[in-house]
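A.B. asks: The structure that follows is given in the form of C-alpha coordinates.
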Amino acid sequence: MSKKFPQRYLKPTVFDCKNSIFEGIVWPMPGSNGNKYSVECTPKGFTCDCAGFSFRGACKHSKQVVKQIEAAIEGRYPRYSTV
(Lines give C-alpha, C1' and ligand atoms only; values in the text may rest on other atoms or scores of the structure.)
Protein backbone atom coordinates (compact mmCIF):
# COMPACT_ATOMS: atom_id res chain seq x y z
CA MET A 1 0.00 0.00 0.00
CA SER A 2 1.40 3.40 -0.96
CA LYS A 3 1.54 6.37 1.35
CA LYS A 4 -1.13 9.01 1.00
CA PHE A 5 1.36 11.89 1.24
CA PRO A 6 4.90 12.14 -0.18
CA GLN A 7 7.80 12.09 2.29
CA ARG A 8 8.53 15.60 3.54
CA TYR A 9 11.46 17.04 5.48
CA LEU A 10 11.83 19.87 7.97
CA LYS A 11 15.07 21.67 7.14
CA PRO A 12 16.85 23.60 9.88
CA THR A 13 18.12 27.10 9.17
CA VAL A 14 21.33 27.06 11.23
CA PHE A 15 22.97 23.86 9.95
CA ASP A 16 22.80 21.28 7.17
CA CYS A 17 21.66 17.81 8.24
CA LYS A 18 23.74 16.00 5.63
CA ASN A 19 27.03 14.83 7.15
CA SER A 20 26.25 16.61 10.43
CA ILE A 21 26.87 15.03 13.83
CA PHE A 22 23.08 14.78 14.17
CA GLU A 23 22.49 12.70 11.04
CA GLY A 24 20.96 9.33 11.97
CA ILE A 25 19.98 10.30 15.51
CA VAL A 26 16.39 9.56 16.55
CA TRP A 27 14.79 11.58 19.36
CA PRO A 28 11.83 10.01 21.19
CA MET A 29 9.21 12.72 21.71
CA PRO A 30 6.05 12.57 23.82
CA GLY A 31 2.79 13.32 22.08
CA SER A 32 -0.65 14.12 23.32
CA ASN A 33 -2.75 11.34 24.83
CA GLY A 34 0.35 9.39 25.86
CA ASN A 35 1.51 8.74 22.30
CA LYS A 36 5.24 8.57 21.57
CA TYR A 37 6.81 9.69 18.31
CA SER A 38 10.26 9.45 16.76
CA VAL A 39 11.96 12.48 15.23
CA GLU A 40 14.91 11.55 13.04
CA CYS A 41 17.63 13.65 11.44
CA THR A 42 18.14 12.37 7.90
CA PRO A 43 20.49 13.76 5.23
CA LYS A 44 17.51 15.62 3.70
CA GLY A 45 16.16 17.05 6.97
CA PHE A 46 14.09 16.04 9.97
CA THR A 47 11.17 13.63 9.87
CA CYS A 48 8.59 12.55 12.44
CA ASP A 49 6.36 9.51 12.38
CA CYS A 50 3.25 11.38 13.57
CA ALA A 51 0.27 11.92 11.25
CA GLY A 52 0.62 15.72 11.35
CA PHE A 53 4.13 15.62 9.95
CA SER A 54 3.18 13.47 6.98
CA PHE A 55 0.32 15.87 6.21
CA ARG A 56 2.07 19.24 6.84
CA GLY A 57 5.79 18.46 6.58
CA ALA A 58 6.32 19.77 10.11
CA CYS A 59 4.89 19.15 13.57
CA LYS A 60 5.38 20.31 17.13
CA HIS A 61 7.67 17.35 17.83
CA SER A 62 10.07 18.02 14.96
CA LYS A 63 10.00 21.79 15.51
CA GLN A 64 10.91 21.31 19.20
CA VAL A 65 13.93 19.13 18.37
CA VAL A 66 15.16 21.57 15.71
CA LYS A 67 14.61 24.53 18.05
CA GLN A 68 16.68 22.92 20.82
CA ILE A 69 19.53 21.95 18.48
CA GLU A 70 19.68 25.39 16.86
CA ALA A 71 19.64 27.09 20.27
CA ALA A 72 22.56 24.93 21.41
CA ILE A 73 24.52 25.61 18.20
CA GLU A 74 23.97 29.35 18.52
CA GLY A 75 24.91 29.31 22.22
CA ARG A 76 21.52 30.58 23.39
CA TYR A 77 21.45 28.26 26.38
CA PRO A 78 22.76 29.70 29.64
CA ARG A 79 26.37 29.02 30.40
CA TYR A 80 27.27 28.04 33.93
CA SER A 81 30.36 29.22 35.66
CA THR A 82 32.54 26.58 37.34
CA VAL A 83 34.33 29.19 39.46
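The values are calculated or read from the model by the stated rules, or taken from the named source; none is laboratory data. All values reported here derive from a predicted model rather than from experimental measurement. Please note: Cβ atoms are built from the backbone with ideal geometry, for glycine as well, and neighbour counts cover all protein chains shown. Remember, those area values only see protein heavy atoms, side chains included, never the ligands or the DNA or RNA. Shrake-Rupley method; radii C 1.70, N 1.55, O 1.52, S 1.80 Å.
A.B. asks: Looking only at region 50-77, how many residues end up being within 13 Å of the chain's Cα centre (by Cα) and among the aromatic types (F, W, Y)?
C.D. replies: Going through region 50-77 one residue at a time, the tally reaches 1.
A.B. asks: From the set of residues in region 44-58 that are open to solvent by 50 Å² or more (accessible area, probe 1.4 Å) and assigned to a loop (DSSP other than H, G, I, E, B), which is nearest to D16 (Cα to Cα)?
C.D. replies: Result: K44.
A.B. asks: Out of the residues in region 2-42 that are at positive phi and assigned to a loop (DSSP other than H, G, I, E, B), which is surrounded by the fewest Cβ atoms within 10 Å (Cβ to Cβ)?
C.D. replies: Step by step, filter region 2-42, then rank; the result is N19.
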